[in-house]
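> Mind looking over this structure? Questions follow.
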Amino acid sequence: MSSAARRPVRTLSALAAASALTLAMTACGSDKGSTSSSSSSTSSSAGGTSAVTDGKIADVKATGGDDKTAPKLELKTPFGVAAYASTVLKKGSGTPTDDKSIAVVKYTLVNGTDGKVIDETYSAKETGFDVGDATLISGLRKALTGVTKGSRVVAALPPAEAFGDQGNAQIGVKGTDTVVFLFDVVNVATKLPEAEGTAVTPTAKNLPEVTFESGKQASFTMPKADPPKDLVIQPLIKGKGAKVEQGDTAVVTYTGALWRNGQIFDSSFKQGPTASFSFPVGAGRVVAGWDKGIEGQTVGSRLLLIVPPKDGYGDKGQGEIKGTDTMVFVVDILAKY
C-alpha cells in the first residue's frame, strides 16, 4: 500500500525483506515441481563480478528451529545456482496453494554468497504472501505455489528469479547473489477475487456514489455537501465469511479518493489487477479509520469508509492530502488470517 492509508511512520511491511520480496522484477526460469534441482558449473557476470552457479539444492540442509527460533541453514559458501531450484524437506497435508491462496509462512532468507541471514520471521509474527500477486518476485511465487499446510520447503533463487542484475542494496543483496529461501507453511487461506455476498442499500443521505469494474479501481461521484465530521462505515456488500477480529491480518483491495474533488490518490489496483494489501487489524499500521472500520466486518464484504481528518492524518495531512481533507475509501475484504 502506498502512503495513503498508512500511518506515515510505518513501512509497507514490518520487515524490510518481506517488503522487498513484493517488488515486481523481470525474471525468467523453470516451473516449480514439488522437488526440483537445476544447476550449472558455468558462471555468469553482472557488473563485472562473477556469479557462482554450480550449487545444488540437495546440498542445502536445515536443522533445528521451532515456533520462535529460525532453523539453521547449512550450505557451503559461496553458494549459487544458475536456475531456480527447490525441494520439499517436509511434506504437509491439505489443499495445495494456487493463485487464489494466501500462504502464511515463517521464513528465513539467506544470502548464498556469504551465508548471512538477511531476514527471518520465526521470532516474530508469521507473514502472509498472496500467491496470485504478480508483484511478488518470480522465484518466491514459484516456491509458494503448490505447497500445503505443514510443509517445509527450501528454494534457491538466482538473480534472474529474485532481484535481477541490480540486486537489492536495502537488504545487502548484490546482482550476482543467489538467495536461499527456507519456509514453513503455517496456514493456507483462500483469497476471494473480489467482494461477494449480499448487497446492502445505504440509508444515509449525501453519501458518495461508487462505480465498480472487476479488476480495476473504483470511481467516485462526490455529493455537493459538506463531508461528515465523524467516521462513516457503510457496508455495500455484506460478506458471508469469517469476522475480522483485532489481531487478525486482513487481506484487501482498495481505492481512496478525496471528498473535496473526487480525485483518486491511492489504489491497490495501481500495482496490478491481482495485487492486494495486507495489514494487522488494530495494530496502528494504518490510519485509525481503517482499523475502526474493518474490525468486526466479515470476509467478502465491500465497505465504503468516509474518514475525517481526526481518523486519518489529522491537521497536518500528508502529501496531497490536506489537514482539512476527508478521505473516502472503498475496501473489499478478500481474506483474513
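The values are calculated or read from the model by the stated rules, or taken from the named source; none is laboratory data. None of the values given here were measured: they were computed from a predicted structure. For neighbour counting, all protein chains shown are included, and Cβ atoms are generated from backbone atoms with ideal geometry for every residue, glycine included. Keep in mind that these areas ignore ligands, DNA and RNA; they rest on the heavy atoms of the full protein, side chains included. Shrake-Rupley method; radii C 1.70, N 1.55, O 1.52, S 1.80 Å.
> Checking Thr113 against (1) in a loop (DSSP other than H, G, I, E, B); (2) of a type outside the set (Gly, Ala, Ser); (3) modelled with pLDDT of 95 or more; (4) open to solvent by less than 10 Å² (accessible area, probe 1.4 Å), only one condition comes out false. Which one?
Here Thr113 meets the rest and fails (4).
> Output the number of the condition that Thr108 fails; it satisfies all remaining conditions of (1) of a type in the set (Val, Ile, Thr); (2) under 15 Å from Ala155 (Cβ atoms); (3) outside any strand (DSSP E or B).
Only one criterion is unmet by Thr108, namely (3).
> So in the stretch 232-250, with the set limited to residues that are in contact with a Lys or Arg (Cβ under 6 Å, 6 or more places away or on another chain) and within 15 Å of Trp290 (Cβ to Cβ), which one is most open to solvent (accessible area, probe 1.4 Å)?
From the stretch 232-250, those in contact with a Lys or Arg (Cβ under 6 Å, 6 or more places away or on another chain) are 236-237, 244, 248, 250; that's our starting set.
Right, trim to within 15 Å of Trp290 (Cβ to Cβ) and you get 244, 248, 250.
Values: Val244: 0, Asp248: 27, Ala250: 0 Å².
Looking at the filtered set, the residue picked out is Asp248.
> Quickly run through the stretch 309-337 and pick out the residues that are more than 20 Å from the chain's Cα centre (by Cα) and within 22 Å of Gln246 (Cα to Cα).
Initial filter on the stretch 309-337 (more than 20 Å from the chain's Cα centre (by Cα)): 309-328.
The answer is Lys310, Asp311, Gly312, Tyr313.
> Mind listing just one residue for me: the one in the stretch 254-272 that is touching a Phe, Trp or Tyr at 6+ places or on another chain (Cβ under 8 Å) and open to solvent by 10 Å² or more (accessible area, probe 1.4 Å) and, of those, nearest to Trp290 (Cα to Cα)?
Start the filter on the stretch 254-272 by keeping residues that are touching a Phe, Trp or Tyr at 6+ places or on another chain (Cβ under 8 Å), which leaves 254-258, 262, 264, 266-268.
This time we only want the ones that are open to solvent by 10 Å² or more (accessible area, probe 1.4 Å), so: 262, 264.
Numbers: Gly262: 19, Ile264: 17 Å.
Applying the filter and picking the extreme gives Ile264.
> Then there is this: Would the stretch 262-277 turn up any residue that is more than 27 Å from Arg141 (Cβ to Cβ) and in a loop (DSSP other than H, G, I, E, B)?
The answer is yes; a qualifying residue exists.
> If Lys72 satisfies all but one of (1) at pLDDT 95 or above; (2) under 15 Å from Asp184 (Cα atoms); (3) of a type outside the set (Asp, Glu), what's the number of the condition it fails?
(1)
> Tally time: how many residues in the stretch 278-292 are open to solvent by less than 30 Å² (accessible area, probe 1.4 Å), part of a loop (DSSP other than H, G, I, E, B) and closer than 22 Å to Ala103 by Cβ?
1
> When the stretch 49-95 is examined, which residues are found to be open to solvent by less than 70 Å² (accessible area, probe 1.4 Å), of a type outside the set (Gly, Ala, Ser) and part of a loop (DSSP other than H, G, I, E, B)? Write out each step before concluding.
Going residue by residue through the stretch 49-95, those that are open to solvent by less than 70 Å² (accessible area, probe 1.4 Å) are 51-53, 55, 57-58, 60, 62-65, 70-71, 73, 75, 77, 79-88, 92, 94.
Now narrow it down to the ones that are of a type outside the set (Gly, Ala, Ser): 52-53, 57, 60, 63, 71, 73, 75, 77, 79, 81, 84, 87-88.
Within the stretch 49-95, Val52, Thr53, Val60, Pro71, Leu75, Thr77, Phe79, Tyr84 meet the criteria.
> Still on this model: Got at least one residue in the stretch 242-253 being under 21 Å from Thr201 (Cα atoms), not hydroxyl-bearing (Ser, Thr, Tyr) and not in a loop (DSSP other than H, G, I, E, B)?
Scanning the stretch 242-253, I find at least one residue that is under 21 Å from Thr201 (Cα atoms), not hydroxyl-bearing (Ser, Thr, Tyr) and not in a loop (DSSP other than H, G, I, E, B), so the answer is yes.
> Another question, if that's okay. With the requirement that a residue be over 20 Å from the mean Cα position of the chain (by Cα), more than 25 Å from Ser268 (Cβ to Cβ) and of a type outside the set (D, E, K, R), what does the stretch 174-198 give you?
Pass one, the stretch 174-198, residues over 20 Å from the mean Cα position of the chain (by Cα): 174-178, 196-198.
Now narrow it down to the ones that are more than 25 Å from Ser268 (Cβ to Cβ): 174-178.
Correct list: Gly175, Thr176, Thr178.
For (1) within 30 Å of Gln263 (Cβ to Cβ); (2) polar (S, T, N, Q), each residue gets a yes or a no:
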residue: Lys174; (1), (2): no, no
residue: Leu182; (1), (2): no, no
residue: Val188; (1), (2): no, no
residue: Thr198; (1), (2): no, yes
residue: Thr201; (1), (2): yes, yes
residue: Pro208; (1), (2): yes, no
residue: Ser214; (1), (2): yes, yes
residue: Ala218; (1), (2): yes, no
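> Go through (1) closer than 19 Å to Asp130 by Cβ; (2) in a loop (DSSP other than H, G, I, E, B); (3) out of contact with any Lys or Arg (no Cβ under 7 Å at 6 or more places or on another chain) and name the single condition Gly300 misses.
(3)
> Scan the stretch 256-309 residue by residue and report those that are acidic (Asp, Glu) and touching a residue at least 60 places away in the same chain (Cβ under 8 Å).
Of all residues in the stretch 256-309, those acidic (Asp, Glu) come to 266, 291, 295.
Asp266 - this is the single residue of the stretch 256-309 that is acidic (Asp, Glu) and touching a residue at least 60 places away in the same chain (Cβ under 8 Å).
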